[in-house]
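One structure is given here, and the rest of the page talks about it.
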Amino acid sequence: MHYPYCYQKCDYCDFYSEGIGKNPSTNESLLFDAYKKEFLYRKKNSASLENTKIDTIFMGGGTPSKASPKHWKELIHFFRNELEVTEDVEISFEANPEDLSVEFLAELAEAGVNRLNVGVQTRNEEGLCFLGRYVDPEKYENLQQIFSSSKIERLGIDLMYGMPNLSRSDFESDLDYFIKMDLRHMSLYSLTLEKGTTYSRKVKDHILKAPDEEIQREILEFLPEKMAKHGYVWYEVSNYCRENEYSRHNLRYWMYEPYLGLGPGAHGFLDHMRYGNPRNSEVYLRHPTNARREPAEAKSEIALSLFRLFLPFEPKTFFDKHLDRSASMEMLAQIQGIHEKGYCHWDGNIFQWKTSALFSLDDLILELIDTD
């Protein structure tokens, strides 16, 4: 589910969201009704959802923690009634620090949420202001106490680096702070210029500086070794976790599996078709079943998603399932060429990127797509 409302719209964010201030959205109840309408429509019209066992439900945004836990509890109950949900289902929830309290997390746990990811970005107030984020210093200072008292055990955070007003040591200070908490998952992203964002426009107009690429490269280089030293598995370009604590939700994307997206601005992949809902909450509330659809191009999408993983995997398993023989043989030949350049481990069956591939990854993935 995509919950589109936030306290304020962050300057760097290119996801669809609306800043509405401190109070809840006046459309909250209507939005949760629309989720159900869209779900029933997609369930009725999708072969991908027939006889499918659901093992991951994800509430993202926007800022889902701006909505009442009561509404999330009702929606999770609705899904359990409408779908075959596994006993070990992963129910993930994204939140921002300003919404967190011990009581709030207890309500989420009671609603069925068993995995929480908090969009921290940085604990440095100067960095937060640069990003255009709402800052509640008290909540940021109390994160450790809130996490230690949480009834949700699978906790993770997002951190960002490369803000031009912060140093490498600023990021390392944030990282060490959360490593000491023994969190299950960490997403460690570089600040990027996304077309159409406020930040991108301010850089173009010379109001703000662009991301510090030198610091970003330094951090990208030291992260795999540092995180491994502290017991974290590097499983995707920007994602680290404790052993077997991968985000199932994210793996669905990267492993080219179907998924159902609900809400304004949400995207989904069903019946070999991609769809995207309107990036406008008012339009979505009036027509929650309208979406733009287009067929997925399997070869390029597999290259762009599957080959972001830094875990070992068997490419041929995916190629045999989704590609014709010609496309499969072409991509296998490209993998062999990448192996000969020294960027990956490859024995003809198991593939894994070497760390040296990180700074050339986009170009290497394009090689897999461009097999002409």
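The values are calculated or read from the model by the stated rules, or taken from the named source; none is laboratory data. Computed from a prediction, not measured in an experiment: that's the story for all the values here. Here the Cβ is made from the backbone with ideal geometry for all residues, glycine too, and neighbour counts use every protein chain on show. We work out accessible area using only protein heavy atoms, side chains counted, and drop any ligands, DNA or RNA first. Shrake-Rupley method; radii C 1.70, N 1.55, O 1.52, S 1.80 Å.
Before moving on, here are some points about what is shown:
- Verdict on SER187 being within 30 Å of SER150 (Cα to Cα) and touching an Asp or Glu at 6+ places or on another chain (Cβ under 7 Å): yes
- Matching residues, the stretch 181-223, being β-branched (Val, Ile, Thr), open to solvent by less than 60 Å² (accessible area, probe 1.4 Å) and without any contact (Cβ under 8 Å) to a residue 12 or more places away in the chain: VAL203
- No other residue among LEU166, LEU128 is closer than 27 Å to GLY231 by Cα and crowded, with 19+ Cβ neighbours inside 10 Å apart from LEU166.
- Sole residue being surrounded by 14 or more Cβ atoms within 10 Å (Cβ to Cβ) and of a type in the set (D, E, K, R), chosen from LYS299, LYS321: LYS299
Residue-wise test of (1) in contact with a strand residue (DSSP E or B) (Cβ under 6 Å, 6 or more places away or on another chain); (2) within 30 Å of LEU30 (Cβ to Cβ); (3) assigned to a helix (DSSP H, G or I).
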{"residue": "TYR253", "(1), (2), (3)": "no, yes, yes"}
{"residue": "PRO288", "(1), (2), (3)": "no, yes, no"}
{"residue": "LYS299", "(1), (2), (3)": "no, no, yes"}
{"residue": "GLN334", "(1), (2), (3)": "no, no, yes"}
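- Residue, surrounded by the fewest Cβ atoms within 10 Å (Cβ to Cβ), within the stretch 58-70, restricted to residues that are in a loop (DSSP other than H, G, I, E, B) and of a type outside the set (Val, Ile, Thr): SER68
- Residue match in the stretch 38-47 (condition: surrounded by fewer than 17 Cβ atoms within 10 Å (Cβ to Cβ), within 16 Å of GLU282 (Cα to Cα) and touching a strand residue (DSSP E or B) at 6+ places or on another chain (Cβ under 9 Å)): no
- Residue within the stretch 38-57 that is of a type in the set (Asp, Glu), under 22 Å from the mean Cα position of the chain (by Cα) and not in a helix (DSSP H, G or I) present: yes
- Reported count of residues in the stretch 127-170, each being of a type in the set (Asp, Glu) and either at pLDDT below 95 or farther than 27 Å from PRO211 by Cα (or both), is 4.
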